[in-house]
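Trainee: If you scroll down you'll find the structure; I have some questions about it.
The values are calculated or read from the model by the stated rules, or taken from the named source; none is laboratory data. None of these values were measured; they are calculated from a predicted model. Cβ: placed from backbone, ideal geometry, glycine included. Neighbour counts: every protein chain shown.
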């Protein structure tokens with residue numbers, strides 16, 4: 001059974017959390033951050049529910065202490081807080097929280113968030129375990145693979161048939177004397193084995209030439225470092241593979257190639273391999289000279305210390321030569337017949353299939369599996385190298401995505417992103433491009449067709465598909481989503497990614513500023529007249545809106561700004577109909593003193609109960625809103641003062657049912673007059689003028 005630690009300085013919250021979770025998990029409860037740290041010194045847990053605002057040691061401080069301890073740094077944490085401010089939520093996630101639950105929490109919400117977090121963690125652990133096993137498997141075959149590649153490359157020069165293995169041995173011996181061990185030595189060995197892989201791109205006539213190279217031939221030979229980088233740039237199994245392949249001919253004094261790096265700007269592995277490379281060259285027969293004797297080799301290294309080579313590493317090499325520590329056991333590889341048969345096959349696999357697979361995975365968005373921005377930029381720019389090609393680029397953004405995260409949680413938010421990606425896949429053709437840029441933004445690129453009719457039909461298909469089939473399911477209910485689309489056409493709007501992206505983004509911005517849930521073309525000259533919503537979209541959206549049932553019976557609850565506008569509208573209506581409208585203001589007061597606001601802990605429990613009491617009492621044609629942290633205001637339409645007092649008392653009675661809360665309700669009732677209508681109209685004129 002999973003173990004959960006709940007940390008909260010409020011004993012009531014602790015009891016509630018424990019009662020809501022104890023049938024599913026082993027739940028431990030402590031009253032402070034200090035007690036939590038003491039608990040974690042003795043016991044392990046799978047998840048921590050941590051109150052943000054505690055008196056002695058805050059949730060932030062407790063989290064830092066947990067993360068600073070190696071034994072507890074990876075324990076997942078969900079923050080509990082009454083503060084729903086977006087900045088607070090942002091800070092929690094920046095500090096490494098897995099989720100964020102606003103108090104007072106409901107049982108279903110708490111259990112669901114905890115369950116999803118633990119499931120996500122189990123999935124993560126399982127994936128990490130698979131990755132570790134896969135890494136071990138790759139490590140087991142990588143040496144054999146690197147040996148076969150190295151042997152294939154070295155066979156371009158029959159006199160250098162063991163060059164790469166010799167370099168690998170000498171580089172590892174130098175690194176050992178520098179204090180290296182374990183995985184660092186193994187990675188260095190593999191780097192040395194493939195450091196000259198770029199020689200595949202150098203003509204055999206140059207590599208095997210007897211005698212000095214011409215300047216032109218030397219320039220061609222120097223390109224092998226860039227070839228090596230290109231071949232290995234997607235290699236992730238061996239760290240710094242591409243970087244070392246490119247820089248192993250740089251010189252310590254900055255006079256090497258290809259980039260003229262100097263000193264410690266050259267990767268340390270490349271500096272080691274440069275010495276090992278030179279040593280094997282000096283001790284081997286080559287097409288242009290015989291191997292050198294010991295005295296000449298020592299002289300060459302003394303001359304190159306601090307100029308061609310790193311001085312510290314050179315001293316190590318000189319010591320080894322003087323000590324005659326040069327005998328080494330060859331790395332065991334396949335016999336020659338096996339290599340002759342297998343090496344070319346493996347090399348082809350590494351340079352095509354394997355690197356293609358790595359490059360493909362690196363080009364995908366990890367959440368959705370769609371292409372990422374980097375891949376899409378390169379692909380579209382390459383596509384437009386043929387000036388005859390056209391296409392259309394869609395910028396797609398989900399409307400009000402932050403509200404989905406705030407309402408349903410980030411796990412649900414991620415699932416919405418995944419489902420949106422899956423939905424978008426259904427509208428693209430096999431060779432089109434679908435990309436997630438990040439967050440809730442996507443790119444669709446339709447190749448070959450840049451007509452407005454085609455783009456319009458695709459945009460409408462996307463919007464209508466979402467309207468019909470896509471809903472968000474979470475702890476707090478369900479709801480629909482909508483998207484906005486900006487469209488840029490090629491060649492009229494541009495023939496490269498950056499231009500099309502910028503212009504589609506501007507078209508998207510226009511949609512966002514003009515009602516959302518629509519699409520717009522950048523190339524429209526008259527934006528206002530051109531921005532006409534498709535009648536298909538309007539009708540489908542209207543039908544869905546009218547078809548949806550009201551899931552919130554009782555008072556019509558709105559935000560305060562909307563409440564003010566409705567209030568003004570009712571004043572205008574009252575002027576014509578003389579229909580009575582009452583204002584009901586309900587205030588929560590503390591029992592400790594006269595007309596004092598309760599503390600946050602009491603309000604956290606009392607205000608949701610007040611809203612529930614209002615919702616179950618007031619009619620659906622009345623309007624209500626939160627006025628402050630302790631006050632609720634409602635407009636009672638077509639009600640007399642006598643009816644208003646009956647309603648208010650009914651709300652008070654409903655509120656007092658259930659577990660006692662240390663507070664009381666007071667209410668004020670007043671009838672809207674025509675004088676108030678005049679004042680409201682004057683105030684509206686003032687507001688409009690200020691805007």
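Trainee: Write out, first by first residue and then by second, each pair whose Cβ atoms fall under 9 Å of each other, whose residues are 6+ apart or on separate chains, and whose first residue, in the stretch 293-307, is part of a loop (DSSP other than H, G, I, E, B) while the second is surrounded by 12 or more Cβ atoms within 10 Å (Cβ to Cβ).
Mentor: Here the result reads 306/252; 306/253; 306/314; 307/251; 307/252; 307/253, each pair linking the stretch 293-307 to a residue that is surrounded by 12 or more Cβ atoms within 10 Å (Cβ to Cβ).
Trainee: When you go through (1) outside any helix (DSSP H, G or I); (2) closer than 24 Å to residue 315 by Cα one by one for residue 239, which number turns out not to apply?
Mentor: (2)
Trainee: If I ask for residues that are closer than 19 Å to residue 390 by Cβ and either in contact with a helix residue (DSSP H, G or I) (Cβ under 9 Å, 6 or more places away or on another chain) or crowded, with 17+ Cβ neighbours inside 10 Å (or both), which ones from the stretch 433-450 would you list?
Mentor: Answer for the stretch 433-450, where residues must be closer than 19 Å to residue 390 by Cβ and either in contact with a helix residue (DSSP H, G or I) (Cβ under 9 Å, 6 or more places away or on another chain) or crowded, with 17+ Cβ neighbours inside 10 Å (or both): 433, 434, 435, 443, 444, 445, 446, 447, 449, 450.
Trainee: Give all pairs with beta carbons closer than 8 Å in which a residue from the stretch 166-184 that is closer than 16 Å to residue 310 by Cα meets a residue that is outside any helix (DSSP H, G or I); count only pairs at least 6 apart in sequence or on separate chains.
Mentor: What qualifies is 170/328; 173/325; 173/328.
Trainee: Quick one: residue 361 ticks every box in (1) outside the structural domain of residue 461 (by TED's automatic domain parsing); (2) modelled with pLDDT of 85 or more; (3) assigned to a helix (DSSP H, G or I) except a single one, so which number is it?
Mentor: Only one criterion in (1) outside the structural domain of residue 461 (by TED's automatic domain parsing); (2) modelled with pLDDT of 85 or more; (3) assigned to a helix (DSSP H, G or I) is unmet by residue 361, namely (2).
Trainee: Something else now. Give me the pairs: first residue in the stretch 367-386 and in the same structural domain as residue 447 (by TED's automatic domain parsing), second residue in a loop (DSSP other than H, G, I, E, B) and surrounded by fewer than 17 Cβ atoms within 10 Å (Cβ to Cβ), beta-carbon distance under 7 Å, and six or more apart or on different chains, which are they?
Mentor: 381/496; 383/389; 384/496
Trainee: Which of the residues belonging to the stretch 89-123 are buried (at least 18 other Cβ atoms within 10 Å of the Cβ) and over 15 Å from residue 49 (Cβ atoms)?
Mentor: 89, the sole residue that qualifies.
Trainee: Being in a strand (DSSP E or B) and either farther than 25 Å from residue 492 by Cα or under 24 Å from the mean Cα position of the chain (by Cα) (or both) is the filter here; which residues of the stretch 422-464 pass it?
Mentor: 433, 434, 435, 436, 437, 438, 441, 442, 443, 444, 445
Trainee: Applying the selection to the stretch 653-670, what residues are surrounded by 15 or more Cβ atoms within 10 Å (Cβ to Cβ) and more than 18 Å from residue 605 (Cβ to Cβ)?
Mentor: Across the stretch 653-670, the qualifying residues are 667, 669.
Trainee: Here is a list: 515, 494. Which entry is loosely packed, with under 14 Cβ neighbours inside 10 Å and either modelled with pLDDT of 60 or more or part of a helix (DSSP H, G or I) (or both)?
Mentor: Selected residue: 515, the only one of 515, 494 that is loosely packed, with under 14 Cβ neighbours inside 10 Å and either modelled with pLDDT of 60 or more or part of a helix (DSSP H, G or I) (or both).
Trainee: Report yes if residue 273 is in contact with a helix residue (DSSP H, G or I) (Cβ under 9 Å, 6 or more places away or on another chain), in the same structural domain as residue 172 (by TED's automatic domain parsing) and within 15 Å of residue 172 (Cα to Cα), otherwise no.
Mentor: Yes: the conditions hold for residue 273.
Trainee: Now, a different point. So which residues in the stretch 60-116 are outside any loop (DSSP other than H, G, I, E, B), more than 20 Å from residue 44 (Cα to Cα) and more than 22 Å from the chain's Cα centre (by Cα), if there are any at all?
Mentor: 60, 80, 81, 102, 107, 108, 109, 110, 111, 112
Trainee: Anything in the stretch 6-27 that is within 17 Å of residue 114 (Cβ to Cβ) and crowded, with 18+ Cβ neighbours inside 10 Å? List them, or say none.
Mentor: Residues satisfying the conditions are 6, 7, 8, 13, 14, 16, 17, 20, 21, 25, 27.
Trainee: Just one of (1) modelled with pLDDT of 85 or more; (2) in contact with a strand residue (DSSP E or B) (Cβ under 6 Å, 6 or more places away or on another chain); (3) surrounded by fewer than 20 Cβ atoms within 10 Å (Cβ to Cβ) trips up residue 84, so point out which.
Mentor: (1)
Trainee: Scan 343, 352, 319, 284 and give me the residue that is closer than 24 Å to residue 188 by Cα and at pLDDT 90 or above.
Mentor: 319
Trainee: Which of the residues spanning the stretch 368-400 are outside any strand (DSSP E or B) and under 15 Å from the mean Cα position of the chain (by Cα)?
Mentor: If the condition is that a residue be outside any strand (DSSP E or B) and under 15 Å from the mean Cα position of the chain (by Cα), then 368, 369, 370, 372, 373, 374 are the ones that fit.
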